[in-house]
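The values are calculated or read from the model by the stated rules, or taken from the named source; none is laboratory data. Small disclaimer: the values here were computed from a predicted structure and weren't measured. Methodologically, a virtual Cβ is constructed for each residue, glycine included, from the backbone with ideal geometry; neighbour enumeration extends over all protein chains shown.
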Number of protein chains: 2
Amino acid sequence: MADTGDKKPNANAKVKVKHGGGGGKKKEVKKETGLGLTKKKDENFGDWYSEVVVFGEMIEYYDISGCYILRPWTMAIWETMQAFFDAEIKKMKIKNCYFPLFVSPAVLEKEKDHIEGFAPEVAWVTKSGKSELEVPIAIRPTSETVMYPYYSKWIRGHRDLPLKLNQWCNVVRWEFSNPTPFIRSREFLWQEGHTAFATKEEADKEVLDILELYRRIYEEYLAIPVVKGKKSENEKFAGGLYTTSVEAFVPNTGRGVQGATSHCLGQNFAKMFDITFENEKGEKAMIWQNSWAYSTRTIGVMVMVHGDDKGLVLPPKVASIQAIVIPVPFKDADTQAIFDACLKTVEELSEAGFRVEADLRDNYSPGWKYSHWELKGVPLRIEIGPKDMEKKQVRCVRRDNSAKVDIPVVDLVKEVKDMFDKIQQNLYDVAKQKRDASIQVAKTWDEFSVALSEKKLILAPWCDEQAVEEDVKARTKGEIGAAKSLCSPFDQPELPEGTLCFASGKPAKKWTYWGRSY
Amino acid sequence: MADTGDKKPNANAKVKVKHGGGGGKKKEVKKETGLGLTKKKDENFGDWYSEVVVFGEMIEYYDISGCYILRPWTMAIWETMQAFFDAEIKKMKIKNCYFPLFVSPAVLEKEKDHIEGFAPEVAWVTKSGKSELEVPIAIRPTSETVMYPYYSKWIRGHRDLPLKLNQWCNVVRWEFSNPTPFIRSREFLWQEGHTAFATKEEADKEVLDILELYRRIYEEYLAIPVVKGKKSENEKFAGGLYTTSVEAFVPNTGRGVQGATSHCLGQNFAKMFDITFENEKGEKAMIWQNSWAYSTRTIGVMVMVHGDDKGLVLPPKVASIQAIVIPVPFKDADTQAIFDACLKTVEELSEAGFRVEADLRDNYSPGWKYSHWELKGVPLRIEIGPKDMEKKQVRCVRRDNSAKVDIPVVDLVKEVKDMFDKIQQNLYDVAKQKRDASIQVAKTWDEFSVALSEKKLILAPWCDEQAVEEDVKARTKGEIGAAKSLCSPFDQPELPEGTLCFASGKPAKKWTYWGRSY
């Protein structure tokens, strides 16, 4: 189809259409009311992001700051990732459970380092109805301390191990700095896995097995390249032994995003909560623990990485509508026949297992619908007009690159499947290309400073000392936040003997990614 | 297989087995440690229930009163029901969303009748970290007031209707009376549907469509007979127009259980939250709303209705393990061959789509395993010993009625499927028979009093006046709670002209179920 010539709407407000009086049954006038973003991603990223999540109907702002409503457009994506991850962990014989939202202060405060990390963000319930509670009760910011007293009870002998539980739930962290939809919110949804093993080897292995699932969520589902690596001592999970993560990057802001974390807790919590077992030799031994989580933050990263000035751009694997079919009737054409062709297209693609809908509303023009579904990020638009009917074809327009291609109706399923695969791959490739172009190696402080000011993802040789990281933070403190280590990638470039730390000048021990982060 | 002669364990404590010193690799001694209930369902129902949910590993008691840990054995049942219900509502074009856990007081208190119903149970967050919040924030006891301000924003014209949302989430009701696992807990999991329509007719229809799904959860999944009906004015949802419910009954305690509710909210919330739309005539109109929910309470009802003195009894449709395969090795028999036969049985049944596991642990005797899996309520036990191998059969033992039947290995899948169907049906039939035997018609106050003292589910002609229900409550108040109306069944017996209300002596308007309830 050629362009239909509809003018693109650009006003924003959702305007009620006034009709003439009389009240009789009359055809509703065509709405050409507002949609479309007013902010540009490259010019004002923060406002663009707020707009795109709201106009794309993913988020509604809520009357309590830092809390957001997740609309169906979001939840469908969450559920797709959840179905994948839940099935994978079940294959690993991890079982779902549900522990309470509430934690008593005595238990919460049992692990000192841990609670120091979370204490400032804990929300406290002190009243029910009009009565004061005898003891204030905390809302879980995470569930280590909620769960582990019971691990101590349940685990007696080596045959009780491994104990591998997971829960899908909400957690609350009452943060005050810069609430951002998905990325930093006071309540969010996540899964949290909590596992216990007889040996460190088993725990170490699982940390990486789970991290690989997180990589797959980002790379295979959300089409976002991530770096797998290990967190620094400063940045590891409070109370844990070591933390691994998948790290994403948002080129527009030059910020890293901790995408998901898989922690080996070592035996620290086991000591605090007295989680021991009788091993095969009949001796008392202490368990090894992991915990790991990913959250609705994933969805925010997806919006930030792929979205553009027209709106959301959803990867086909997670989009709740993968293709939208839009009739393009012309004056003299047989409108009903076009509508029928649209419905047949939906039916055929749905039967093939795709998520496809038709937008047959008669009070919006095709052009308005194009903009609407572009704003919502639907990966593929299928237009059907009289000429297409004649030629036994449909016109496909890709959301990711606007490419238009006419497809013979006989090849519909095969071609659409092919296009989804290509869109998914292209989104990943483009994101990876932009991410890679942002990587800057910095071997000296000067190089580091320049790269940071240029919003780069900085790969630098580091001495791996905590005090040095503190120093880097102090030296880069500014309005837009200090730089910190993001991770030391598992995939380490060669580190020639004699290489010095970019910050301290001491001998470097490893390559580490640095930057500002969300 | 004949009984193996293992003595049934009867101690309770989970005892750690001591091994001799030496530390060398030695075969672990057989554990014959405790399991089995100490309380009987007919003698001490309350303690029996507490024991069965804990020993059956569904629940762990938590250090905050009224909060319970839902263990994997529970969550698997919840997830099965969730998969069914979620798929059904998606067919009805209801979409999932997620609204915040927190409500601001201004919004919570907007609908007066509603908040009066919930206010005493609302938990309040007043602190974060060490700071007092400016305004205390409530935790949702249900989400009408959380959601409807946004319905007001999203609904403009008739084309925005119907708006049909659902969320799976936790809610908090800080009740002080008799916390009981699943049945009455301070936090519980549920789904809550919230829908908005242009017309009352559409709302009325959906109320019943959803109620039918609730009936199916109870009758088809949990094998529990329920009565569909309408709640009295006293018992309806606070702030709603009318409430329908499915009502279950626990014969042992003579108590009704409100199984799940489907409310028509009418236009009351719409008025409070100003949810209007422009109808097809271009006039301003007010929406009609429903809300509906079922919770983890369903699982408690299942335990109460089907459980027995040996433990849980799970219906095959919801059991996370439908059949457990147990090897019964004898001294001279080829143990490995028996183990292989067990694994082959699991494989064959799993491939046929059943949830089956083998218990090959070598430190427990077959008898201990029988008791263990009976306690956990697994619907079918499959025993394989040397004689079964010889005869190319397996022995099946049903949990519901202890019936034993030998099945030729060649017919395994067909016979097991058949047995699951029979178990599911039998559980329902037995429960229905017991429930029906508890129903007592009472036409006078005297008959009513006798029936109530006999723990009956009382069906009585009623004048349908609120004051009369209040009076019944006052007159039956006692240690174990007052009687109240449970529902007026949709399926009304004939009410001959001149029939009088059992309580007021006024002309009766309908038959209504009465009793004590959970």
Quiz item: So A:ARG186 fits all but one of (1) at positive phi; (2) modelled with pLDDT of 95 or more; what number is the exception?
Solution: (1)
Quiz item: Could you give every pair whose Cβ atoms fall below 6 Å, whose first residue belongs to segment A:120-134 and is under 18 Å from A:LEU101 (Cβ atoms) and within 7 Å of another protein chain (Cβ to nearest Cβ), and whose second residue is small (Gly, Ala, Ser) and surrounded by 14 or more Cβ atoms within 10 Å (Cβ to Cβ), counting only separations of at least 6 or pairs across chains?
Solution: A:VAL122/A:ALA138; A:ALA123/B:SER128; A:TRP124/A:ALA138; A:VAL125/B:ALA123; A:SER128/B:ALA123
Practice problem: With the checklist (1) surrounded by fewer than 18 Cβ atoms within 10 Å (Cβ to Cβ); (2) in contact with a strand residue (DSSP E or B) (Cβ under 8 Å, 6 or more places away or on another chain); (3) more than 30 Å from B:GLY254 (Cα to Cα) in hand, flag the one item B:LYS387 doesn't pass. | Solution: (2)
Exercise. Working only within segment A:498-518, note down all residues that are at pLDDT 95 or above and either more than 17 Å from A:GLU233 (Cα to Cα) or of a type in the set (Lys, Arg) (or both).
Key: A:GLY498, A:THR499, A:LEU500, A:PHE502, A:GLY505, A:LYS506, A:PRO507, A:LYS509, A:LYS510, A:ARG516
Quiz item: Which ones in segment A:266-298 are touching a Ser or Thr at 6+ places or on another chain (Cβ under 6 Å) and either not aromatic (Phe, Trp, Tyr) or not assigned by the TED database to the domain that holds A:ARG71 (or both)?
Solution: A:ASP274, A:ILE275, A:LYS284, A:MET286, A:ASN290
Quiz item: Can you tell me which of A:ASN170, A:ASN178 is within 11 Å of another protein chain (Cβ to nearest Cβ), surrounded by fewer than 23 Cβ atoms within 10 Å (Cβ to Cβ) and under 22 Å from the mean Cα position of the chain (by Cα)?
Solution: A:ASN170
Quiz item: Looking only at strands (runs of 3 or more DSSP E) that fall completely inside segment B:208-304, which ones have 1 or more residues that are more than 17 Å from the chain's Cα centre (by Cα) and among the hydrophobic types (A, V, I, L, M, F, W, C)?
Solution: B:255-266, B:276-278, B:284-286, B:288-295
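Say we look at segment B:274-292 and pick out the residues that are buried (at least 21 other Cβ atoms within 10 Å of the Cβ) and not β-branched (Val, Ile, Thr); which of these is farthest from B:LEU213 (Cα to Cα)? Even if it seems obvious, please write down each step before you answer.
Restricting attention to segment B:274-292, the residues satisfying the condition of being buried (at least 21 other Cβ atoms within 10 Å of the Cβ) are B:275, B:277, B:287-292.
Still in the list and also not β-branched (Val, Ile, Thr): B:277, B:288-292.
Working: B:PHE277: 29, B:TRP288: 21, B:GLN289: 18, B:ASN290: 15, B:SER291: 14, B:TRP292: 11 Å.
Looking at residues that are buried (at least 21 other Cβ atoms within 10 Å of the Cβ) and not β-branched (Val, Ile, Thr), I get B:PHE277.
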Practice problem: Mind listing whichever residues of segment B:291-330 are more than 14 Å from chain A (Cβ to nearest Cβ), among the aliphatic types (A, V, I, L, M) and closer than 19 Å to B:CYS396 by Cβ? | Solution: B:LEU312, B:VAL313, B:LEU314, B:ALA319, B:ALA323, B:ILE324, B:VAL325, B:ILE326, B:VAL328
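Checking the structure you have, find out if any residue of segment A:237-256 is within 14 Å of another protein chain (Cβ to nearest Cβ) and at pLDDT 95 or above.
Initial filter on segment A:237-256 (within 14 Å of another protein chain (Cβ to nearest Cβ)): none.
No - not one qualifying residue is present in segment A:237-256.
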Quiz prompt | Residue that is farthest from the chain's Cα centre (by Cα), among those in segment A:93-119 that are in a loop (DSSP other than H, G, I, E, B) and at the interface with another protein chain (Cβ under 7 Å from one of its Cβ atoms) | solution = A:SER104
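If you scan segment B:62-76, which residues turn out to be outside any helix (DSSP H, G or I), of a type outside the set (D, E, K, R) and without any contact (Cβ under 8 Å) to a residue 40 or more places away in the chain?
Within segment B:62-76, the first condition is being outside any helix (DSSP H, G or I), and the residues that meet it are B:62-71.
Next, only the ones that are of a type outside the set (D, E, K, R) stay: B:62, B:64-70.
B:TYR62, B:ILE69, listed by residue number.
Within segment A:319-329, track down each residue that is within 17 Å of the chain's Cα centre (by Cα) and crowded, with 24+ Cβ neighbours inside 10 Å.
Passing the criteria: only A:ALA319.
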Quiz item: If we scan segment A:279-290, do we find a residue that is of a type outside the set (Lys, Arg), away from every other protein chain (no Cβ under 14 Å) and within 30 Å of A:THR253 (Cα to Cα)?
Solution: no
Quiz item: Do you know which residues across segment A:82-92 are in contact (Cβ under 8 Å) with a residue 60 or more places away in the chain, of a type in the set (D, E, K, R) and more than 10 Å from chain B (Cβ to nearest Cβ)?
Solution: A:GLU88
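Among the residues of segment B:37-48, is any modelled with pLDDT of 90 or more and of a type in the set (Gly, Ala, Ser)? Walk me through how you get there before you give the answer.
Taking segment B:37-48 as the starting set, the residues that turn out to be modelled with pLDDT of 90 or more are B:37-48.
Then keep just the ones that are of a type in the set (Gly, Ala, Ser); that gives B:46.
Yes, segment B:37-48 has at least one match.
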Exercise. Can you tell me which residue within segment A:141-154, out of those that are within 11 Å of another protein chain (Cβ to nearest Cβ) and not in a helix (DSSP H, G or I), is farthest from B:TYR61 (Cα to Cα)?
Key: A:PRO141
Quiz item: From the residues in segment A:441-454 that are buried (at least 19 other Cβ atoms within 10 Å of the Cβ) and out of contact with any Phe, Trp or Tyr (no Cβ under 6 Å at 6 or more places or on another chain), which one is farthest from A:LEU495 (Cα to Cα)?
Solution: A:LEU452
Quiz item: Which of the residues belonging to segment A:338-361 are in contact (Cβ under 8 Å) with a residue 60 or more places away in the chain and more than 18 Å from A:GLU390 (Cβ to Cβ)?
Solution: A:GLU348, A:LEU349, A:ALA352, A:PHE354
Quiz item: Is it true that some residue in segment A:160-169 is in contact (Cβ under 8 Å) with a residue 12 or more places away in the chain, touching a His at 6+ places or on another chain (Cβ under 7 Å) and not in a helix (DSSP H, G or I)?
Solution: yes
Quiz item: With (1) more than 9 Å from chain A (Cβ to nearest Cβ); (2) within 16 Å of B:GLU192 (Cα to Cα); (3) out of contact with any Leu (no Cβ under 6 Å at 6 or more places or on another chain); (4) in a helix (DSSP H, G or I) as the list, and B:GLU79 as the residue in question, which single condition is left unmet?
Solution: (1)
Practice problem: Give segment B:173-188 a look and list any residue that's within 29 Å of B:LYS93 (Cα to Cα) and in contact with a helix residue (DSSP H, G or I) (Cβ under 8 Å, 6 or more places away or on another chain), or say none. | Solution: B:PHE188
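Can you say whether A:TRP48 is in a helix (DSSP H, G or I), within 11 Å of chain B (Cβ to nearest Cβ) and within 22 Å of A:PRO379 (Cα to Cα), as far as the supplied structure shows?
Values: in a helix (DSSP H, G or I): yes; within 11 Å of chain B (Cβ to nearest Cβ): no; within 22 Å of A:PRO379 (Cα to Cα): yes.
No.
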